[in-house]
Amino acid sequence: MHIGVDYYPEHWGKERWEIDAQMMKKAGFNVVRLAEFAWAKMEPSEGKYELDWLDEAIKILSGYGIKVILGTPTGSRPPWLARKYPETTAVDITGHRISYGGRKDNCPTSKTYRRLSSRITEVLAEHYAGEKAVIGWQTDNEFACPVCYCGDCEAAWHNHLKSKYRTLNELNRRWGTVFWGHIYSDWEEIPLPRKGQDNPSLSLEHRRFHSLQVVSFQREQVEILRRITPDRFITHNFMGFSPWVDYYDLAGDLDFVSWDCYYNYSSWSERLNNYSLQAAGHDLMRSLKKRNFWIMETSAGPVGNRMFSRNLRPGELRRMGYQTVAHGADGLLWFRWRTSLYGFEQYWHGLLGHDGVPGRRYREASLTSDELQKLSGEIEGSRVKSEVAIFYSYDDRWAFEIQPNFEKFDYVSHLLCYYKALQKEGVNVDFTHLNSSLDGYRLLILPAPYIVREEAVQKLKEFVNKGGILLLTFRSGVKNEDNIPTEKTLPGLFRDLAGVRVEEYEALEGSWKVSYSVTPGVSYSVELDGKIFPCCYTADWVVPENAKVICRYREKHLKDYAAVTVNHLGAGRVYYVGTYFSIDEAYSLLLKKILKGVPLKRYFSAPYGVEVYMREKGSKHYAFILNHNEKKAEVKINNSGFYMDIISGNTVKNKITLPAGEVAVLKF
Ligand code: GAL
């Protein structure tokens, strides 16, 4: 495994570099990422390159057996560049250029910026082509925003529309510009979306456009790096469920995906502190290329900028390290080595504090590194295999950001309801999209598949006919690819598959009050297995056609309608869930029902807060069992026989007891 830290030698005096390298070596680290924000140090004035300092740092590190990933430094521009080439600075939605002083403030389209970005990438690639310590590249840093409204972007937007729609007639027809009389007679008349009253077709196409600009910006760097250093890997540090760029697309040009996974923000919403979100993030990142990934940055201490968050609890850094490996990580770098004395991130803590003295967090990282290295001989080449997948679609996500449909709807939170229920069942989960192969999956969950294409539905029909289980939820099949509602009765193209029709739909009044807990005054509910669960946010008035009713709504005008149904089709089944539940248990019960009798690989029965995830290599299985609870937990082993815990060396049978926060890796 590659294990190490993100290191900024340029933030410290040279006399410190050797001390740091020694300490890293002592901790068992074998990799660092360097220089992704060091453009101004590399090129202090235009065309004048100074890489001696970086050569020296690499030399010292490699002297201790530490390999290097170099960042192309385009995530932060040197001040001279911003001043000399103002056109490289992004323009915000109000038409003003962003002021200098942060990072990622460049326009992704700007020809000037792309030229300068290519030039520095080329200089670095040529300079380090012969340096064996440099094993790979990270492009830029965390591609996402800003969405830029400059003249270059506007021109590129018009070109994009021309090449996609060919004629204005076609665009006018597909976007329905007859509404409010916005029929365009010249491409230049088409605005960038900024009104808040924009045409949803235009807004969705613009989200796609922004994503394409970022992908093509990266592609220019990738082409240079591949040409000059074909033997080095190229990756990028993704951000889990970040919505700005179509990550399937961005990952397409890379060798593997890496991501930045922070899990201890205490000032942010509680949801972010939940280990399920990190687990789902790992699964999404692995699924982008259907291969193992790296963690390029992860929590090393309290995080924050103006304020710091909670600290990592003893054992947490180790357990979360194991979690990454469980889900398919082959590389793990903590952000950052030592807490910065300077700049905006003074309170984003590294393994070492400001004082540079190795302490508890350093020791825990060393222990983790040591254990994972021992494990790595065993698990090398192993992969995560999943029989269950959740559809994750950027088109759907963007369309829901443009029109959430009903108050409080958040695409990712909805998807996580199902993810968490699957996690409780102890099964591996992939994310996927409709252009990908469905082979090997037994259950597919499509949370609100809003924008749908005919071919995709055909593919899903085949999947079900052959015995697959499909779960669709509310807002299925509502729109076409231009973000225009279908004229078919809902769920549109899914109607035959689901065997239901949605007669009407609505946002449930007052439902925001019951989003996270049951409060008095719950107005709508269903009964599942003898228990009452409140429904919130929305209700489809579902009329079964061929489907059977699993539960109906219990109150008022909804009484006549189904909430959840199942349709037996071919050798498979299609479930339709027409509402949102505010209690996790409802999803668990539903999935238990659905999975009953389905021969999924489930070797363990774990209690709440204990995560089980599996890697496989040939006939060998490695079950990672992580007790996220603050108390001990017992996990039942469903099969007979002896299992070996390769961390402790103990042999277990029938059950394993894990102390609070502990982990085990069972080989069988
Ligand atoms: C990441 C970023 C790092 C650093 C870190 C802490 O998002 O890639 O450069 O900023 O967060 O804020």
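Where a number appears in this text, it was derived from the coordinates with a stated rule and is not lab data. Computed from a predicted model, the values in this text were never measured in an experiment. Counting neighbours? That spans all protein chains shown, and the Cβs are built from the backbone with ideal geometry, glycine included.
Taking neighbour counts of Cβ atoms within 10 Å as a proxy for exposure, in what order, fewest first, do His158, His206 appear?
Taking fewest neighbouring Cβ atoms as first place, the list is His158, His206.
Once amide H atoms are placed 1.01 Å from N in the peptide plane, what residues at a sequence separation of 5 or more from Gly240, or on another chain, have their amide H within under 5 Å of its amide H?
Counting only residues 5 or more places away or on other chains, the set is Asp260.
Fully extended, how many nm does the chain gain between Leu367 and Glu481 (0.36 nm per residue separation, minus their Cα-Cα distance)?
Here the answer is 36.0 nm.
So if each residue of separation counts as 0.36 nm, and I subtract the Cα-Cα distance between Arg383 and Thr651, what length gain in nm does that give?
On the way: separation 268, 0.36 × 268 = 96.48 nm, distance 2.36 nm.
Roughly 94.1 nm would be gained on extension.
As a test of the formula, what do you get for the chain when each DSSP H run with n ≥ 4 contributes -39,500 (n - 2.57) and the sum is divided by the residue count, at 222 nm and rounded to the nearest 500 deg cm²/dmol? It would help to have the intermediate numbers written out before the result.
Details: 17 runs with 208 residues, N = 668.
About -9500 deg cm²/dmol.
Could you check the simple spin-label distance between Lys408 and Thr167, using points 7 Å along Cα→Cβ, in nm with one decimal?
4.9 nm
Sticking with the crude label model, points 7 Å out along Cα→Cβ, report the distance from Ile93 to Ser376 in nm, one decimal please.
Between Ile93 and Ser376, the simple spin-label model gives 4.4 nm.
Counting only complete DSSP H runs, which helices of the chain cover 27 Å or more along their long axis at the Cα atoms and score a mean Kyte-Doolittle of -1.0 or above? It would help to have the intermediate numbers written out before the result.
On the way: long enough: 200-228 (43 Å, -0.42); 360-379 (28 Å, -1.10).
Those that pass (Cα extent of 27 Å or more, hydropathy at least -1.0) are 200-228.
By count of other Cβ within 10 Å, fewest leading, how are Arg336, Arg453, Arg573 ordered?
Taking fewest neighbouring Cβ atoms as first place, the list is Arg453, Arg573, Arg336.
Could you go through the range 626-637 in sequence order and give the Karplus-derived ³J(HN,Hα) for each residue, using 6.51 cos²θ - 1.76 cosθ + 1.60 with θ = phi - 60°, rounded to whole Hz, and x for Gly and Pro?
Calculated HN-Hα couplings, in order: 10, 8, 7, 7, 8, 9, 5, 9, 10, 10, 8, 9 Hz.
Sort out for me the Cα centre separation of the range 278-328 from the range 331-362, rounded to whole Å.
16 Å
If the chain between Lys531 and Lys25 were fully stretched, how many nm would it gain, using 0.36 nm times the residue separation less the Cα-Cα distance?
Residue separation times 0.36 nm, minus the Cα-Cα distance, leaves 176.5 nm.
When Glu616, Glu630, Glu18 are ordered from fewest to most other Cβ atoms inside 10 Å of their Cβ, what list results?
Ordered by Cβ neighbours within 10 Å, fewest first: Glu630, Glu18, Glu616.
Among bridges DSSP assigns within the chain, what percent are antiparallel (round to 5)?
55 percent
What FRET efficiency comes out for the pair Trp80/Asp52, r = Cβ-Cβ distance, R0 = 22 Å, nearest 0.05?
About 0.65, to the nearest 0.05.
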